[in-house]
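Report on the structure given below.
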Amino acid sequence: MAKPLHLIALSMTVALSAYLGPLLLSHFIPGSFIQHQLNQLDLSFLPTPIRSLFQTPSSTNQKCPEHTYTTHLISLDPLLIYISNFVSQTESQAIVDLSNPLLEPSPIVSHGTDSAGSQARTSWSAPLAQDSHLVNCILARSSSFLGTLLSPGRDEMGPAQVVRYTDSQKFDLHTDWFARPRITDEDRETGRRRLYNRVATFFVVLQSNITEGSGETWFPKVRSITPHPITAEGDRVWREHEDGGLAFKPIPGNAIFWVNLLPNGTGDARTVHAGLPVKGGVKTGMNIWPRVFFGPDA
Ligand SMILES: *[C@@H]1O[C@H](CO)[C@@H](O)[C@H](O)[C@H]1NC(C)=O
Ligand SMILES: *[C@@H]1O[C@H](CO)[C@@H](O)[C@H](O)[C@H]1NC(C)=O
């Protein structure tokens with residue numbers, strides 16, 4: 001049986017406007033207008049991760065500065081990327097000032113327990129409060145660098161941590177992922193059944209006036225895709241370490257990014273690294289450990 005002609009005409013019109021509608025809309029209404037309208041909405045009832053999907057940084061009271069970093073691919077597997085100018089000098093100084101009164105002997109993580117004052121790690125550290133605009137901007141910058149590595153609404157950036165090494169302090173070979181995934185203190189209290197692990201690490205150097213050739217970050221199991229050490233602002237950023245792998249020079253403002261977990265969620269043993277002993281002066285860095293969550297309530 002043939003369909004009535006007007007029905008066919010109607011469905012063609014619907015199909016055509018479904019296709020052309022957004023095209024015409026996007027032609028006549030610029031994206032910035034739509035974004036502006038979104039920013040006018042009161043989205044405060046939404047959970048933060050969902051709200052952030054609709055908001056640009058300009059919709060918060062203070063703007064985050066545009067990033068000015070450049071990236072250098074060092075290793076594909078495990079993935080390790082060197083980031084030049086991840087934070088500005090002003091940002092570094094402000095974070096150092098924020099953390100100065102908070103620094104305490106660093107805790108060390110071994111199979112899910114923290115114990116301060118271990119000989120494997122002799123440094124000072126402080127978690128950074130998440131109510132600082134500056135810290136939130138750097139976390140947002142890191143989050144956008146990660147792209148789809150985190151699932152919006154499920155995963156979190158976690159708190160950033162400042163770490164300081166002074167003369168002869170070091171952190172022996174270790175990995176940043178947990179052999180046994182962890183539960184947050186908040187989830188322990190509320191009984192929410194989810195676990196997390198540190199999917200990746202940003203190690204950002206904030207300041208360093210230590211002796212040349214000391215205090216490098218050494219990855220014994222990472223090989224570079226190119227034999228020529230890359231340079232950033234005229235500095236060679238890594239050298240081949242005498243015991244194998246790559247040793248990265250601490251250069252203020254720059255960061256090392258790497259992925260800690262294999263695709264199946266297991267920790268990647270090849271991401272083992274050490275903060276080599278610091279000679280003279282002070283080296284201050286910031287760790288950002290994005291968290292992936294799993295379990296029935298994730
Ligand atoms: C995850 O993948 C790695 C590398 O392919 C493998 O060695 C490991 O056994 C896997 N772990 C699990 C729990 O499947
Ligand atoms: C290195 O920097 C720290 C922190 O700014 C400062 O207290 C110290 O005097 C400096 N040391 C040297 C050797 O320049």
Quiz item: Between ARG192 and THR231, what length in nm is gained on full extension when 0.36 nm per residue of separation is reduced by their alpha carbon distance?
Solution: 9.4 nm
Practice problem: Please name whichever of VAL163, ILE138, HIS174 sits farthest to the positive end of the charge dipole of the range 112-223, dipole taken about the Cα centre and charges placed at Cβ: Lys and Arg +1, Asp and Glu -1. | Solution: HIS174
Quiz item: Which FRET efficiency, nearest 0.05, do ASP131 and GLU242 yield, Cβ-Cβ r, R0 35 Å?
Solution: 0.20
Self-check item: Reachable lysines, given that their alpha-carbon falls under 25 Å from the alpha-carbon of LYS221 and they are not under 8 places away in the same chain
Solution: LYS170, LYS249, LYS279, LYS283
Quiz item: What ranking, highest mean first, results for peptides 74-85, 228-239, 138-149 when packing means the other Cβ atoms within 10 Å averaged over each residue?
Solution: 74-85, 138-149, 228-239
Quiz item: If we count other beta carbons within 10 Å of each Cβ, what is the order of VAL87, VAL205, fewest first?
Solution: VAL205, VAL87
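Every read-out reported here was derived from the displayed coordinates using simple, explicitly stated rules and does not represent laboratory data. Since we're looking at a predicted model, the values are computed, not measured. All Cβ positions, even for glycine, are placed from backbone atoms using ideal geometry, and neighbour counts span all protein chains on display.
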